[in-house]
1. Would you please put 158-164, 29-35, 135-141, 57-63 in order of how densely packed they are, using the mean number of other Cβ atoms within 10 angstrom per residue and starting with the highest?
2. Along each of the three principal axes of the Cα atoms of the chain, give the extent in whole Å, ordering the values from largest to smallest.
3. Report the Cα centroid-to-centroid distance between region 1-34 and region 156-189 in angstrom, as an integer.
4. Among the listed pairs K57/K182; K89/K212; K151/K177; K26/K177; K177/K213; K133/K212, give every one whose C-alpha distance is greater than 25 Å.
5. Gaussian network model of the chain, Cα springs within a sub-10 Å range: biggest mean-square fluctuation belongs to which of V168, V78, V65?
6. Which order do the peptides 40-50, 79-89 take when ranked by the mean count of other beta-carbon atoms within 10 Å per residue, highest first?
7. With +1 on each Lys and Arg Cβ and -1 on each Asp and Glu Cβ, how big is the dipole of the chain about its Cα centre, in debye rounded to the nearest 20?
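Every number here is computed from the coordinates shown, using simple stated rules; none is lab data. Please read these numbers as outputs of a predicted model, since none were measured by experiment. All Cβ positions, glycine included, derive from the backbone under ideal geometry; neighbour counts span all protein chains shown.
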Amino acid sequence: MPFPIVFPSQNGPGRLLELCSFRRSKISESRYDEVFDGITVITSTFPISRQSLYGRKIDQPDISVLIADWTSAEEKDVFEPGEQYQSIKPAFGELISPENTDFACHHLILTGPAATPEAGVYLVRFYTVPVSKHQEFGSRLNEHISSFFEKQGPIFFVVAPSRENQQVVVCIWGWAKAEDAKNYLQSEGFRHFQKAGESLYTSVEEYQAKLKKWEARK
């Protein structure tokens, strides 16, 4: 199997990474934080919970971005239908804009570390890749890592197909600062990867976000 890809390679229990984005409602910042705190207090008690990283898209600050690390896909599949998990959904409804209730969500099954590392900027790309081309696309990514990341690599880099849609290959880079992400996207190494892999994917979407580990103020 070509995926998941985890850089740097580390031993660990692995995790289920949930990546979500949604348009924020127009409630006040203080109320928003209060509601999110309440959700985090509850989720921190879940036996499947590891951590939450929360923030906004850099170029669209009205879009919230959330990374939740769970123990595993199997354990979340069992726990999610239960009353304890379902209890947080009404509160989330207050955070999402009633004019645009789209809630983009992708779950990635990853090996290695138990939690997503903290970084100054998170660069996210969604490549639409036919499943028949996953092997070759994964090979291109591994070639890119081995030839480029030793010189100016990110804090971390993970790749896996979305559980929601196997044709969507989600790539997440963690960089120390926005300038590092910008320099990377403009680098010869990244342009080479794009050119080498462009015949394998049919579309690509991208955003950058600033996230921080959310510790609820109990």
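1. The most tightly packed comes first, giving 158-164, 135-141, 57-63, 29-35.
2. Here the spans come out as 46, 35, 29 Å, largest first.
3. Answer, in whole Å: 13.
4. Beyond 25 Å: K26/K177; K133/K212.
5. V78
6. Descending mean neighbour count gives 40-50, 79-89.
7. The dipole of the chain has a size of about 360 debye.
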